[in-house]
C-alpha cells in the first residue's frame, strides 16, 4: 500500500512510559536517527530520580521530548504534536500538554483495570470519550511485540521489554527516519547476548513493518533536513560536550587532565565519559566524598595538572572550603556545577539556575572567583575551554555552571576543526624567570605577580630553585610567607579581587541581537535559558514587534560593556529559573531596575510563555 | 643502580623519583621561617628528626612535598625547605592523593594530628590508606586539641576533663593504629617524639614502603596535655614498650607474647610459646591483635612497624591503566574523539 506523504516543517514528539519501559533509550535512538537525517533538533529528557519507582505509578513516569525541524530551532518545544503513552500513568501525566487535535499513540495492552485504578482512572479513558479531541491511535504494542518475537528463545519478560523498540520502529517509519544507526547500535549494545540482540532488531523491524502496513496510519510524514551552516555534524548532550571540552582544553593547555569527582546527579555522566579516555592521559579519581574530590583536584593542580572537579549544588556546598583554599593559594582549578533543583536534595533530575549566588558568594571571607555559564548543550564544549583558559592564565578556581537541562538535553553540533581551537597554554615558572632582585634575595617569591594579569607564578614541585610553601593562612604580598599584618591583609584582599575583576578586559563584550536596531526592550539571559529566550524573541518578532536579546556567558566578572547595554534600553527583562539571583547582582552593580521573570518548576521556560511576558513588557514601555 | 653496583639502597617509595645529583644536609631542609611552637613542644623533636632524615632520601629537594591540614602539627611544612602546602582542616590526605597520583616523581609526606586526621579528616585518612596511595602520613598524636586551646580529641581517654568537657568526656577514643589496620593500611607503625633514633628508624622504614605509610607519633603537648605519654619515657619504660622488630620475639620487658584462644595476644612465660614478629603477614589480623595490646596505663605498648606488606600503589595502577590504554590503541586523537561514531555532512 502506498501511503500519502505529508510535508511538515517541524514536529515535537514526546515518548512517555514507565521508567522501566526504555523511553529514554527509544528517545535517544530516535534523536540519533533524526540527527543523521539532518534535521535540526533539541531534546528534553525528563525522568524521576528513583531508578525504578513503583511500576505504573505517576511518580514512575519517564518521558523524552524531541523537537526536530527543517530549519534551525532553539528549544525542545513547548507542547508536543505527538504523544506516545506506553501506559495509563504516562497518559495521565502528559495528556494535559497535548494540544487539541494532537496525535496520541497509546499502548492499549497496559490499560488494564488494575493499571487504570493505580493512577485514579475510574473508567478507561480510551472508551470514555474524554480523548475525543485528539487523534488517538490505540494499539496493542506489547502483545504485537510479544507475537513478533514468538520464534525467539527468550523469556516473555524479555520479549515485553522489547516493546520500546517496536514503538521506535513504528515511529521511525512514520517519520521516515534512517534505521541503520539504530540497528548497528542494537548490535553493539547486545553483542554479548545474540538472542536478545536479534529479538530487539526483530521488534524494531516489526514496528517499522506495522507502520507501513497498518491502515491506522494513512499518511507518512516528511520533515526535510535543515539548512544548517556547512560542516560535519554530530548530535551531542551537554555533559558529553563538557567532557570533550575538558579533554580538548587539556590538549590546548598542554597539561594532563585530572578529574576528582564524586557521583552526583546530574553530573556523573561527565565522570563516566572522562573515565573512558585514558588514552588522552586523563586521570579520573572517584573520591570518597565531594570534599576529597575537589581536594585531590587541587593537589593535582599544585602538581601541574589541568585539574577539574564536577558536581551539582549539594556537592558545591561541600566543596566551598577547598575552593576558598584555591582562591588563597591561587592555583588553577575548574569546578563544574551542573545545577539541579534545590534546596538540599531538591529534585535531583530536574533543572534549575539557583546556584548562581552560591557559587558567587558561598565561601568565607572575600573570595572572588570567575564564573562562566554554558548556554546550550553544545556550548558546554566552548565553555569548558573558556573556563580552563581563565583558570590557567589567572591561576584561579573558575566555576562553570551548567544544569540538568543542558546536561541531558542534546542538539546537533558542528564539530569544530581542532586546528581552529585556541592555544591556552601558559608556561610554568622556572628559576630563570625570577626577577633579578628576587634572585639576589635568594628566596623564590611565590606571590610576585604578573603586572598585567596579576597572576602569581605557577611553580610546580620538581622545579629546582623554586621550593616554596603555600597555604590558606594569609600570605605576605610577594614573599608568600605567613603574615598577620593588617595592611598586608587589606592589600591581598584587594589584589585577589583586582585580579578577578581584571579578567573583564580579557573577555568579549556582550553582543546584543537587535535585528531592527530600534528595540526598546532588552531580554537578558544567562545559562540554559538561551534557547527559550531566543525562541520567544522569534515569536515576538514574527508578530511584528521589536525586542532585543543578549546572553551572558561570563557572570563574574561581567563583560565591561554590560552596564552601558543595560542602560541603553527602556526596559530590561531578565527571565531566570530561580527567584532573581542575577537580577540582584545587576541591580547592585549597575543600579538598573531590571524586570525579573521567574519560574522554578524544574523545567526550562516555554517559549510561548516567555513571548507573552515579553509582549507585556513591550506594552508597558 | 649504578654501573659498578655499589650504589646505596634506594628507598621503595622513591622508585619513580629522580635521584639527587648532589649530597644534601639537614641545613638544606631548614626554611628561613622562625619555628613557632610552644617551648617544650614535642613537635620540635619530630621536626628535627624529619629534617635530619630527609637527606637520606637522596632525592632533589624540589621533588619532596610536605602537605598538612590544620592544627599545631600542620605548621610543619613552613619549616621545611621543600615544596609544601598547609591546606585546610582534615583534607591533607585528599590533597596529597591528587598530587601523588598525578606526580609519581615526587616524594609526598603528609603531616597531621589526632584531631585533623581522626576527627574532621577521618574519612580521607581511611580512604587514602585503603587505596594505598604512595604517601607517608605522620600523625602527631598528643591526645588533645592544642591550636584551639585545649579541647578533648578523638584520642583523648574517656572521662578527660577539658574546657569543652568540664564533667569529663563521654567518647570512647580511637586507637589510631587499629583504625589504620582496620582500613587495610599496608604500612602501620608507631613511635615516640622523644626517641629520636627509633623515630628515624620508622621514617626510614616508611620511606622504604611503596604505597601508603601510616606512622602514629606519640607527641607531648606541654601546655594542654603534659606528660600524656610519661609512662613510656621514664626509667621503667623498658618494661612497658614492646619494640616490634621483624623476625624478633615480641616481648614486653622479659615477658613474651603468645596467641590466646580467641586470637588475642597474651603474656607467656614459656619462651617456646613466644611468637616472633612478622610484619609481612598478608592477613592484618595479627597486626591488629598487636595494636589491641594498648592499655590506658601503657602497661604494654607496641612501638615500631606493626605491618608492612607489598601491594601495588594507587598512583602506579593509575599510570598503568593509561599506559595500557595507549599501548592498545595509541594516544588519543582529539578530532576522532569529537567526531564520534555518527556524523553527517551539511553541504
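The values are calculated or read from the model by the stated rules, or taken from the named source; none is laboratory data. Small disclaimer: the values here were computed from a predicted structure and weren't measured. Methodologically, a virtual Cβ is constructed for each residue, glycine included, from the backbone with ideal geometry; neighbour enumeration extends over all protein chains shown.
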Could you tell me whether any residue of segment A:305-313 is surrounded by 22 or more Cβ atoms within 10 Å (Cβ to Cβ), within 14 Å of chain B (Cβ to nearest Cβ) and without any contact (Cβ under 8 Å) to a residue 12 or more places away in the chain? no
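Quickly run through segment B:19-54 and pick out the residues that are part of a loop (DSSP other than H, G, I, E, B), surrounded by fewer than 15 Cβ atoms within 10 Å (Cβ to Cβ) and in contact with a helix residue (DSSP H, G or I) (Cβ under 8 Å, 6 or more places away or on another chain).
Step one: list which residues in segment B:19-54 are part of a loop (DSSP other than H, G, I, E, B), which gives B:19-25, B:31-41.
Keeping just the survivors that are surrounded by fewer than 15 Cβ atoms within 10 Å (Cβ to Cβ) gives B:19, B:21-23, B:25, B:32, B:34, B:36, B:38-40.
Correct list: B:23, B:25, B:36.
Residue check: is residue B:97 under 23 Å from residue A:320 (Cβ atoms) and away from every other protein chain (no Cβ under 14 Å)?
Details: under 23 Å from residue A:320 (Cβ atoms): yes; away from every other protein chain (no Cβ under 14 Å): no.
Judged against the criteria, residue B:97 is not a match.
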Going through (1) surrounded by fewer than 24 Cβ atoms within 10 Å (Cβ to Cβ); (2) outside any loop (DSSP other than H, G, I, E, B); (3) touching a residue at least 60 places away in the same chain (Cβ under 8 Å); (4) more than 14 Å from chain B (Cβ to nearest Cβ) one by one, residue A:437 fails only at (3)
Where in segment B:200-302 are there strands (runs of 3 or more DSSP E), lying wholly inside it, with at least 1 residues that are touching a strand residue (DSSP E or B) at 6+ places or on another chain (Cβ under 7 Å) and free of Cβ contacts under 8 Å to residues at least 24 places away in the same chain? B:255-259, B:265-268
Check residue A:209 against each of (1) within 30 Å of residue A:70 (Cα to Cα); (2) assigned to a loop (DSSP other than H, G, I, E, B); (3) over 33 Å from the mean Cα position of the chain (by Cα) and name the one condition it does not meet. (2)
Return the only residue of A:199, A:167 being touching a strand residue (DSSP E or B) at 6+ places or on another chain (Cβ under 7 Å), modelled with pLDDT of 95 or more, in a helix (DSSP H, G or I) and crowded, with 19+ Cβ neighbours inside 10 Å. A:167
For segment A:247-264, how many residues are within 10 Å of chain B (Cβ to nearest Cβ) and farther than 18 Å from residue A:386 by Cα? 1
Conditions: (1) away from chain B (no Cβ under 14 Å); (2) in a loop (DSSP other than H, G, I, E, B). Residue A:357 meets all but one. Number of the miss? (2)
Any strands (runs of 3 or more DSSP E) falling wholly within segment A:219-276 and containing at least 3 residues that are surrounded by fewer than 21 Cβ atoms within 10 Å (Cβ to Cβ): A:219-222
Which members of segment B:25-54 meet the condition of being within 14 Å of chain A (Cβ to nearest Cβ), over 22 Å from the mean Cα position of the chain (by Cα) and under 26 Å from residue B:225 (Cα atoms)? B:34, B:35, B:36
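Of the residues in segment A:221-246, how many are within 11 Å of chain B (Cβ to nearest Cβ) and under 20 Å from residue A:29 (Cβ atoms)? Lay out the reasoning, then the answer.
Residues of segment A:221-246 that are within 11 Å of chain B (Cβ to nearest Cβ), as a first pass: A:225-236, A:240-241, A:243-245.
Imposing the further condition that a residue be under 20 Å from residue A:29 (Cβ atoms) reduces the set to A:225-226, A:233-236, A:240-241.
The qualifying residues number 8.
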Selection from segment B:55-79 of residues more than 8 Å from chain A (Cβ to nearest Cβ) and assigned to a helix (DSSP H, G or I) yields B:55, B:56, B:57, B:73, B:74, B:75, B:76, B:79
Of residues in segment B:316-347 being more than 8 Å from chain A (Cβ to nearest Cβ) and outside any helix (DSSP H, G or I), the one surrounded by the fewest Cβ atoms within 10 Å (Cβ to Cβ): B:341
Those residues of segment A:552-570 which are touching a helix residue (DSSP H, G or I) at 6+ places or on another chain (Cβ under 6 Å), surrounded by fewer than 19 Cβ atoms within 10 Å (Cβ to Cβ) and under 17 Å from residue A:521 (Cα atoms), in sequence order: A:563
Output yes when any residue across segment B:244-262 is buried (at least 17 other Cβ atoms within 10 Å of the Cβ) and under 18 Å from the mean Cα position of the chain (by Cα), and no when none is. yes
